[in-house]
Amino acid sequence: MQFNFDLNRRVYLGGAWAPVYSAADRSFLNRYRADVGVEIEFPDDARDTLFRIHLLEGEFFLGSGNATTFSVFRYDWSHLRRSPIARITTFIGKPARFDLDINLAGYLEALRFDTIGRGGVTESQLLLGTAQPTFDLWHSRDLVSYIRVRAGPGLGLDTEREQVNLPVQAAIEGDLTLDQDGFHHLRFGAEGEKLFFAPSGPLRPKDPQRLRLRLEYEVIFIAINDQPLSLVIDGRGSWRDDIAGVPTTWEWSAGAGLRFSLWAPARRNAPFLDHL
Amino acid sequence: MLAFALLSAILLSSAPAATDDCLAPQEDGSTFPICFDPGRGLELGAGAAWTPRTTTGAGEGVTLELRAAILLRSGRESHSKRGSLWFFEQRLLTVVAQPFPVLQDFELTAYEGTFRRHLREGFILVPAARPLRLPFPFDVALHAQVGTVERRVFDGPGVRIGVGSAALMIDPIRSTSGRLRLSFGPAMRYDLRTDGTVWVHEISPFTGARLEAVAETDDGWWAARIEGEGGWSAIPGQGAFLHGRAVARLERLVLAVNDQPVWIQAEVRAAYRDAGPYRRTELSGSLALVMRAFQ
């Protein structure tokens with residue numbers, strides 16, 4: 001029987017209660033979230049590079065404070081360098097040498113659609129594509145867990161105004177598998193985005209900005225026919241000035257729900273039990 | 001001069017011998033170099049230049065300064081006169097540029113070199129009927145500079161062209177290393193200056209003097225240098241004028257990237273009726289990081 005699960009290779013479907021606190025209204029808005037997505041992960045033959053593909057990932061917030069994020073394709077990878085990219089010698093005090101291991105990799109995303117409705121106003125943005133270098137601040141030996149920064153430009157389309165813009169993103173994010181059997185996962189991120197060449201409008205600044213914070217914990221608490229069911233708890237914050245007429249304030253939300261994962265094979269680096 | 005000699009003594013006394021001490025061990029048994037030569041390599045530098053004009057001249061402030069040069073330094077025993085040493089110190093294609101429009105400035109020097117000859121016992125030979133050998137406690141050195149173009153955009157449309165200069169110098173320190181030197185002697189130079197319309201020829205036929213003082217630790221961690229030149233130059237039909245310029249530089253090795261050393265360099269420059277096409281009097285300085293790669 002399978003006793004460990006790779007949640008980075010799965011087709012998942014979930015739902016959560018995800019109320020949002022609006023500082024503008026000084027009230028909680030009740031809402032629900034549905035999650036879907038496909039995650040695929042595979043290493044190269046030398047195990048020096050781990051590739052990740054995310055397909056058809058979406059979050060649909062229903063109820064008050066509705067919002068949708070849906071990404072058709074995302075591809076990124078982590079790379080382990082066997083030799084340092086630079087060797088730094090310092091001469092302040094006793095000479096000391098430091099090997100600089102810059103784990104440079106990449107991040108590509110295409111066709112991500114974001115829409116949000118607040119105060120009777122709807123803003124929608126289609127990210128046609130982005131290509132960004134990533135720099136792993138840390139990654140596990142098997143490259144599955146990582147903390148990284150990435151930044152780069154993309155090409156976007158404001159679907160409300162039908163105008164093209166140039167979104168530039170910068171993010172620090174992490175995805176940690178906390179135990180050998182893959183039961184506990186911690187994900188977090190802070191992403192800033194500025195939409196260049198986005199024209200100003202009534203009550204909307206030129207080149208608006210968005211900042212998103214996210215912290216999520218997922219734990220498998222039961223498996224049904226080797227398919228794990230997990231509990232997901234998360235907290236999020238966002239700040240944006242691109243919604244015309246809506247005061248620019250922080251918006252905080254929390255979520256608690258379940259996520260069912262199909263496929264989810266055994267982890268590559270975990271033991272496989274024949275019996276209990 | 002005394003202060004420079006004291007500084008030289010302090011720097012040299014703290015230097016390890018340039019042998020195996022120049023390799024530091026690592027935990028895995030491998031080694032890495034910790035000694036470098038500030039007088040060799042492809043020089044690339046960037047830093048902040050500070051230009052407070054003191055008496056005359058335009059422009060004032062802090063701006064980015066970039067510099068590049070090819071540095072060659074070597075020493076060898078003379079092929080033709082055994083027992084004497086030659087020390088060569090040369091700079092090729094020296095470029096100093098302040099690219100930003102506010103204090104835009106470019107200076108290119110095609111070639112500059114100092115050649116010093118060291119004898120174990122210096123002497124002056126008087127070729128009398130019975131040759132007379134008089135003690136001469138100095139090394140002799142020659143400095144040459146060819147092809148300088150200076151364009152200070154912020155100062156006006158003028159250009160200065162240093163056609164060439166040379167100095168015959170003596171050196172009382174008589175070091176057997178290329179890293180310690182105190183040379184001074186008479187100098188000549190030929191400059192062309194224009195304000196954009198009229199060219200002016202300036203000739204100094206050994207009516208000036210040059211000083212060079214260099215002190216570096218054997219490991220190259222510290223380097224100090226003072227260079228100065230001044231005297232009277234004649235402008236045909238106008239007469240002579242007194243002018244001079246000097247630069248003092250202190251460097252400390254701070255790091256090496258892939259064994260390419262980087263020094264932090266503080267420099268102070270002074271000019272008396274000699275800076276740029278308009279013979280400005282000014283004081284300026286810079287603080288920069290300078291890499292000398294491919295040693």
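State, to one decimal in nm², a quarter of the convex hull surface area for the C-alpha atoms of the stretch A:123-249, i.e. the direction-averaged projected area.
9.8 nm²
Just tell me how shielded B:252-259 is by partners: mean number of partner chain Cβ atoms within 10 Å of each residue's Cβ, no decimals.
5
Give the peptides B:206-214, A:105-113 in descending order of average Cβ contacts within 10 Å, highest first.
Top of the packing list down: B:206-214, A:105-113.
Of the listed peptides B:72-80, A:176-184, what is their order by residue-averaged count of other C-beta atoms within 10 Å, with the highest listed first?
Top of the packing list down: A:176-184, B:72-80.
Order B:35-47, B:133-145 from most to least packed using the mean count of other Cβ atoms within 10 Å.
B:35-47, B:133-145
How high is the FRET efficiency between B:Val268 and B:Tyr111 when r is their beta carbon distance and R₀ equals 35 Å, given to the nearest 0.05?
In this case the efficiency is close to 0.90.
I'd like to know how chain B sits against the 2.2 N^0.38 Å rule of thumb: what's its Cα Rg over that expected value?
Compactness ratio reported: 1.09.
Which one of A:Leu127, A:Trp250, A:Tyr146 has its Cα pushed farthest toward the positive end of the charge dipole of chain A, where Lys and Arg give +1 and Asp and Glu give -1 at the Cβ?
So the residue furthest toward the plus end is A:Trp250.
Nothing charged except the Cβ atoms of Lys and Arg (+1) and of Asp and Glu (-1): what's the magnitude of the dipole of the protein assembly as shown about its Cα centre? Round to the nearest 20 debye.
Around 2220 debye, computed over the protein assembly as shown.
Would you mind computing Rg(Cα) / (2.2 N^0.38 Å) for the stretch B:207-261, counting N as its residues?
In units of the 2.2 N^0.38 Å rule of thumb, it is 1.78.
Taking the Cβ of B:Pro261 as the center, what net charge do the other residues with Cβ under 12 Å away carry, scoring Lys and Arg +1 and Asp and Glu -1?
Charge balance near B:Pro261 sits at -2.
If the only charges are +1 at each Lys and Arg Cβ and -1 at each Asp and Glu Cβ, what is the size of the charge dipole of chain A around the Cα centre, to the nearest 20 debye?
640 debye
Could you give the length gained by full extension between B:Tyr278 and B:Val198, i.e. 0.36 nm per residue of separation minus their alpha carbon distance, to one decimal place?
Going from the current span to full extension adds 27.6 nm.
Could you check how many percent of all C-alpha pairs in the protein assembly as shown are farther apart than 40 Å?
Result: 52 percent of Cα pairs exceed 40 Å.
With a point put 7 Å past each Cα toward its Cβ, work out how far A:Leu231 is from B:Thr176 in nm, to one decimal.
8.1 nm
Let me see the pair-distance distribution of the stretch A:1-94: every alpha carbon pair, 5 Å bin width, integer percents in order.
3, 10, 13, 12, 12, 11, 10, 9, 7, 6, 5, 2, 0
Per DSSP H run of at least 4 residues, take -39500 (n - 2.57); add these up for chain B, divide by its residues and hand me the 222 nm value, nearest 500 deg cm²/dmol.
-1500 deg cm²/dmol, from helical runs alone.
If you build a Gaussian network model of chain A, linking Cα atoms that sit under 10 Å apart, which residue out of A:Asn66, A:Asn165, A:Asn225 swings the most?
Comparing A:Asn66, A:Asn165, A:Asn225 in a Gaussian network model of chain A, the most mobile one is A:Asn225.
Which one of A:Glu160, A:Glu41, A:Glu59 has the biggest mean-square fluctuation once chain A is modelled by GNM with Cα springs under 10 Å?
Maximum among the listed residues: A:Glu160.
From other protein chains only, count the Cβ atoms within 10 Å of every residue's Cβ in A:86-96, then give the mean.
Neighbouring Cβ atoms belonging to other protein chains average 6 per residue here.
Say we join alpha carbon atoms closer than 10 Å with springs in a Gaussian network model of chain A; which of A:Arg214, A:Arg26, A:Arg150 then has the biggest fluctuation?
Looking only at A:Arg214, A:Arg26, A:Arg150, the biggest GNM fluctuation is shown by A:Arg26.
Using a Förster radius of 30 Å, what is the FRET efficiency between A:Phe42 and B:Ile70 based on their Cβ-Cβ separation? Nearest 0.05, please.
Efficiency for this residue pair is about 0.05.
Using every Cα-Cα pair within chain A, state what percent have a distance larger than 31 Å.
34 percent
Excluding A:Arg259 itself, what net charge comes from residues whose Cβ is under 10 Å from its Cβ, given Lys and Arg +1 and Asp and Glu -1?
-1
Each reported figure results from applying straightforward, stated rules to the coordinates on display, with no laboratory input. Predicted model only: the values in this text are computed from it and were never measured. Note that each Cβ is placed from the backbone with ideal geometry, even for glycine, and that neighbours are counted across all protein chains shown.
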